[in-house]
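Visitor: This is the structure, below, for whatever I ask next.
Computed from the coordinates by the stated procedures, all read-outs in this text should not be read as laboratory data. Being a predicted model, the structure only gives us computed values, none of them experimental. Counting neighbours? That spans all protein chains shown, and the Cβs are built from the backbone with ideal geometry, glycine included.
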């Protein structure tokens, strides 16, 4: 339905997506590592393009539902939801816990080059709590960029509200003013050990923001920049139970 398989029901017609984003906010954490590993095997069978797997954990570390999968399966990027929680951008500097996720990226993640995005609400109405204006976000982003090498960029939920509120324009200015983030997503694989659980909660996430266009996500990998449209970047899987099949 979403990749190169055949189906009478293709939501995006003949468009082949670049990847899947797992936004899991209920139902337990069983089965997601196996799902990702199976999806990777399908990805690897098509050498015509590169495919990606992303996750959207809540900021409390470790995430209640994706914690084990984040440690044992290969994620190219994570869009951490730094809102609706005690560790959000609105709690910067004392309560904001990007450092926990940078440490995870370097010591626990199967992909030691995984990119960690700062996920924020696109407008005050986009989340129960956690919205910050463009000036505040600019300060936070530049502080993170100066101190943590895992940074991939900024994600907003959602892009339509971010454009209406003007935050998307501010984010573009912030990202265009800086240098490319070092590192990259790396190549697909699996390894490492499992994780434990924690409490999270909050609204779901979906779109990404970065330099160049308000409706695109950019991941800087050394001197190379990957830019893909939000629609083509990910299908967000928000579910309350185990996904037991792969639509490929």
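Visitor: How much length would be gained if the chain were fully extended between residue 44 and residue 164, taking 0.36 nm per residue of separation minus their Cα-Cα distance, in nm to one decimal?
Guide: Result for the pair: 39.3 nm of gain on full extension.
Visitor: Ordered by packing density, taken as the mean number of other Cβ atoms within 10 Å over each peptide's residues, highest first, how do 67-78, 45-56 rank?
Guide: Highest mean packing first, the order is 67-78, 45-56.
Visitor: Multiplying the sequence separation of residue 9 and residue 149 by 0.36 nm and subtracting their Cα-Cα distance, what value in nm do you get?
Guide: 46.3 nm is the gain from fully extending residue 9 to residue 149.
Visitor: Let me ask you something else. Hey, how many Å between the Cα centroid of region 110-137 and the Cα centroid of region 141-170?
Guide: First find each Cα centre; the distance between them is then 6 Å.
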